[in-house]
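Asker: A single structure is presented below for examination.
Each value in this text was obtained by applying a stated rule to the coordinates, not by laboratory testing. For clarity, every value in this text was computed on a predicted model and none was experimentally measured. Counting neighbours? That spans all protein chains shown, and the Cβs are built from the backbone with ideal geometry, glycine included.
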Amino acid sequence: MCHQTVSLAARHLEANGIPTVIIGCAKDIVEYVGVPRFLFSDFPLGNPAGRPHDPESQAFTLDLALRVLESAPAPRTTVQSPLRWSEDPAWKLDYSNIDRLSPEEIARRRAEFDRQKEIAKTIRDKPAKAQ
Amino acid sequence: MTDREEGFGFAPEDDAPIPYRQRIRDYYQALGYGAPYRWAHYAEVPFAPLNKPLAESRVGLVTTAAPYQPGKGDQGPGAPYNAAPKFYTVYSGDSAIDHDLRISHIAYDRDHTTAEDSNTWFPLPQLRRAAVARRIGEVAPRFHGMPTNRSHRATIDRDCPELLARVRADRVDAVILAAV
């Protein structure tokens with residue numbers, strides 16, 4: 001949802017003359033929406049700006065994003081960061097992978113999802129306060 | 001490894017970007033929810049060229065992270081999904097100071113990252129360093145927080161125009177958007 005939100009926001013800013021670059025980790029979602037410039041890090045969701053406790057990777061990622069911003073020749077420019085999350089790509093098989101969950105875990109997650117949805121609804125329906 | 005692949009140095013078959021749309025579709029269907037989510041999807045993509053060198057540009061930052069809110073449950077690091085700190089209107093913060101932003105309201109990868117280091121999702125300190133190093137002209141006076149909403153209408157009709165108004169008021173030349 002988060003990648004869709006920033007993709008829609010980038011499109012809206014660009015359509016109004018403001019250049020953008022997205023940094024993110026969900027390549028298919030961003031490219032499916034369709035955005036001008038995207039620096040993709042093939043990292044677990046939550047790390048669009050570099051690896052945790054690794055300032056060098058964070059500096060590298062921001063600089064690469066700035067390079068994408070200044071040099072993209074056309075819309076739908078995706079650059080993939082050369083940084084690797086780990087040598088072993090096995091982490092990619094875990095995220096929301098239904099084949100790896102027991103029926104009990106699926107039931108637990110459904111109940112938890114419904115509970116969180118109710119909480120979100122309560123916040124959403126509250127009158128907005130200015131910030 | 002098959003004979004055919006041997007010696008070519010191919011990466012493992014699964015070592016490719018995760019197909020999130022497919023994963024999420026299968027996941028929620030298995031959980032028992034009905035019609036799959038319809039993701040936003042466009043054939044045309046707008047493109048605004050950068051009009052001046054970055055070293056002379058004012059650069060803004062947009063995040064989907066939420067300010068830490070005491071009393072709203074575990075917000076991490078390592079918190080389970082927590083909808084309580086979610087927000088539904090655009091918010092803004094002073095770029096000159098540090099902020100405690102969290103991502104417990106977002107479905108990030110809880111198996112493989114713990115959300116301990118906010119510099120991995122909110123590169124404001126890094127952006128300030130880029131300004132000091134003259135890589136960019138300056139950091140915009142405010143950063144902005146975008147609500148993540150399943151409703152396309154809420155995002156497109158309400159939140160995007162609000163973000164544009166704020167970014168325009170900041171007179172930015174370019175914007176970095178960090179997706180968690």
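Asker: In the range B:124-166, which residues are in contact with a His (Cβ under 7 Å, 6 or more places away or on another chain) and at the interface with chain A (Cβ under 7 Å from one of its Cβ atoms)?
Answerer: Of everything in the range B:124-166, those that are in contact with a His (Cβ under 7 Å, 6 or more places away or on another chain) and at the interface with chain A (Cβ under 7 Å from one of its Cβ atoms) turn out to be B:Cys160, B:Leu163, B:Leu164.
Asker: Among B:Tyr33, B:Tyr42, which is the only one that is of a type outside the set (Val, Ile, Thr), in contact with a helix residue (DSSP H, G or I) (Cβ under 7 Å, 6 or more places away or on another chain), closer than 17 Å to A:Met1 by Cα and without any contact (Cβ under 8 Å) to a residue 12 or more places away in the chain?
Answerer: After ruling out the rest, the residue left standing is B:Tyr42.
Asker: Among the residues of the range B:167-179, count how many are at the interface with chain A (Cβ under 9 Å from one of its Cβ atoms) and either more than 14 Å from the chain's Cα centre (by Cα) or surrounded by fewer than 17 Cβ atoms within 10 Å (Cβ to Cβ) (or both).
Answerer: Looking only at that region, the number is 5.
Asker: Same structure, new question: For residues in the range B:20-46 being part of a loop (DSSP other than H, G, I, E, B) and charged (D, E, K, R), which is surrounded by the fewest Cβ atoms within 10 Å (Cβ to Cβ)?
Answerer: Here the residue is B:Arg38.
Asker: Kindly evaluate A:Pro82 against the criterion of being facing chain B (nearest Cβ under 7 Å) and over 10 Å from the mean Cα position of the chain (by Cα).
Answerer: Against the criterion (facing chain B (nearest Cβ under 7 Å) and over 10 Å from the mean Cα position of the chain (by Cα)), A:Pro82 does not qualify.
Asker: Condition first: β-branched (Val, Ile, Thr) and either over 25 Å from A:Gln80 (Cα atoms) or in contact (Cβ under 8 Å) with a residue 40 or more places away in the chain (or both). Now tell me which residues in the range B:17-30 satisfy that.
Answerer: none
Asker: Inside the range A:27-131, counting only helices (runs of 4 or more DSSP H) that do not spill past its ends, which hold 1 or more residues that are in contact with a strand residue (DSSP E or B) (Cβ under 9 Å, 6 or more places away or on another chain) and of a type in the set (Lys, Arg)?
Answerer: So the answer is A:27-33, A:55-71.
Asker: Search the range A:10-38 for residues being in contact with a Leu (Cβ under 6 Å, 6 or more places away or on another chain) and under 30 Å from B:Pro80 (Cβ atoms), and hand back the single one that is farthest from the other protein chains (Cβ to nearest Cβ).
Answerer: A:Cys25
Asker: Taking B:Pro49 and the conditions (1) farther than 22 Å from B:Pro125 by Cβ; (2) facing chain A (nearest Cβ under 7 Å); (3) surrounded by 15 or more Cβ atoms within 10 Å (Cβ to Cβ), which numbered condition does it fall short on, given that it satisfies the others?
Answerer: Unmet condition: (3).
Asker: Continuing with the same structure: Given the conditions (1) small (Gly, Ala, Ser); (2) within 25 Å of B:Gln75 (Cβ to Cβ); (3) surrounded by 16 or more Cβ atoms within 10 Å (Cβ to Cβ), and given that A:Ala111 satisfies all but one, which numbered condition is not satisfied?
Answerer: All conditions pass for A:Ala111, except number (3).
Asker: Tell me, which residue of the range A:39-64 that is surrounded by 21 or more Cβ atoms within 10 Å (Cβ to Cβ) and in contact with an Asp or Glu (Cβ under 7 Å, 6 or more places away or on another chain) is farthest from B:Val167 (Cα to Cα)?
Answerer: The selected residue is A:Pro44.
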